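First comes the structure, then the notes that go with it.
Values quoted throughout were computed directly from the atomic coordinates according to the rules given, and no laboratory measurement underlies them. Quick caveat: nothing in here was measured; it's all calculated off a predicted structure. Counting neighbours? That spans all protein chains shown, and the Cβs are built from the backbone with ideal geometry, glycine included.
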């Protein structure tokens with residue numbers, strides 16, 4: 001339950017319910033979903049922020065912030081299994097079934113209350129052979145989050161989920177020896193992979209139960225703001241919102257997942273890469289919305305640094321989320337100031 005309280009009364013482990021701003025500059029100093037701790041409380045008081053909104057009556061779930069339940073793992077595994085069934089059916093020349101897609105989409109939509117646990121759990125799954133199916137589910141989850149954070153209506157969010165589920169369906173028609181190749185792809189092989197967007201669109205185009213914008217999301221998810229994408233080299237406003245959302249979710253999940261030819265990056269290395277890509281190739285509003293919200297879920301998370309020490313993320317600077325403050329024993333390490341340290345692993 002959301003409560004407005006005196007900052008000095010905030011308790012360790014409670015969750016910040018809204019972004020906290022400095023009135024004079026309208027700049028957030030604490031991000032929504034940050035976990036209250038001594039460091040954050042002092043920062044709020046230093047900025048003379050006397051009251052904040054927190055989530056209360058959720059203490060048990062907050063204390064288990066870094067754990068994921070067996071139920072969520074089972075739900076996730078079942079979704080991947082259903083996604084694999086959809087791909088296998090298309091690969092055999094079968095039809096796309098409305099019930100199959102709606103079943104997956106509804107389960108994803110209804111799982112949104114477990115956002116923190118789902119996000120934390122995603123990087124635990126490393127079955128490379130099932131990457132394509134897991135990736136489709138992960139991208140749908142991230143895209144759903146972005147849709148909610150952008151304030152889209154429920155119907156639009158459902159359409160975003162459907163487009164995300166199907167964004168790589170064209171890969172069902174790509175030879176597995178290319179999809180699962182452990183070495184870098186040749187130019188010819190990459191050109192074949194690039195056909196999946198058009199192939200996917202051709203697969204779903206005939207189905208009247210899919211919204212037009214869902215189909216465009218599938219077709220355009222590799223288009224880029226500067227025109228460097230494919231299949232048509234569209235720019236800016238010619239790219240539909242669903243495709244812009246999927247593009248960010250797609251890149252983030254690819255970076256943070258273990259793949260046949262490339263090890264995964266940490267979320268924070270991935271944030272930095274997306275920021276660098278985003279200036280030219282991605283919709284910057286979608287990028288900012290995604291990163292500011294997704295980063296806050298790592299508040300309170302245990303991490304291993306590149307010197308092998310284990311610490312906890314206690315503060316994410318809103319203007320520099322790639323360099324959080326880490327507490328190691330009784331020492332605070334600001335990664336922006338102490339650049340010799342990096343987050344090597346999320347624990």
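Note on residue 228 and residue 327: the model spin-label points, each 7 Å out from Cα along the C-beta direction, lie 4.1 nm apart.
Relative to the present Cα-Cα distance, how much length would full extension add between residue 130 and residue 109 at 0.36 nm per residue of separation?
Details: separation 21, 0.36 × 21 = 7.56 nm, distance 2.22 nm.
That works out to 5.3 nm of additional length.
Footprinting exposure proxy ranking of 162, 188, 82, fewest other C-beta atoms within 10 angstrom first, gives 188, 82, 162. Taking a point 7 Å from the Cα of residue 192 along the Cα-to-Cβ direction, the residues of segment 152-177 with backbone N closer than 12 Å to it are 173-177. Using R0 = 41 Å, the C-beta based FRET efficiency linking residue 91 and residue 276 works out to 0.70.
Across 98, 323, 111, mean-square fluctuation computed from a Gaussian network of the chain (C-alpha pairs under 10 Å connected) peaks at 98. Here the label points at residue 45 and residue 206, each 7 Å from Cα along the C-beta direction, are separated by 6.8 nm in the simple model.
On full extension, the segment bounded by residue 308 and residue 156 gains 50.3 nm, given 0.36 nm per residue less the C-alpha separation. Rounded to whole Å, the principal axis extents of the Cα atoms in segment 242-312 read 39, 29, 18, largest first. A protection proxy built from the mean count of other Cβ atoms within 10 Å ranks the segments 249-255, 103-109, most packed first, as 249-255, 103-109.
Classified by the C-alpha gyration tensor, segment 298-347 has a rounded form. Its axis ratio a/c, with a ≥ b ≥ c, is below 1.5. How big is the gap, in Å, between the Cα center of segment 183-206 and the Cα center of segment 306-347? Measuring centre to centre over Cα atoms gives 39 Å.
Okay, which of segment 277-311 sit inside 19 Å, backbone N to the point 7 Å along the Cα-Cβ direction of residue 237? Only 281-286 fall inside the zone, counting backbone N under 19 Å. Counting only Cα atoms, the chain measures 62, 41, 41 Å along its principal axes, largest extent leading.
Only DSSP H runs of four or more residues enter the estimate; each adds -39500 (n - 2.57), and after division by the residues of the chain the mean residue ellipticity at 222 nm equals -14000 deg cm²/dmol.
Here the ratio of the Cα radius of gyration of segment 212-275 to 2.2 N^0.38 Å is 1.20. Note on the chain: with a GNM built from Cα contacts shorter than 10 Å, the maximum mean-square fluctuation among 45, 55, 150 falls on 45.
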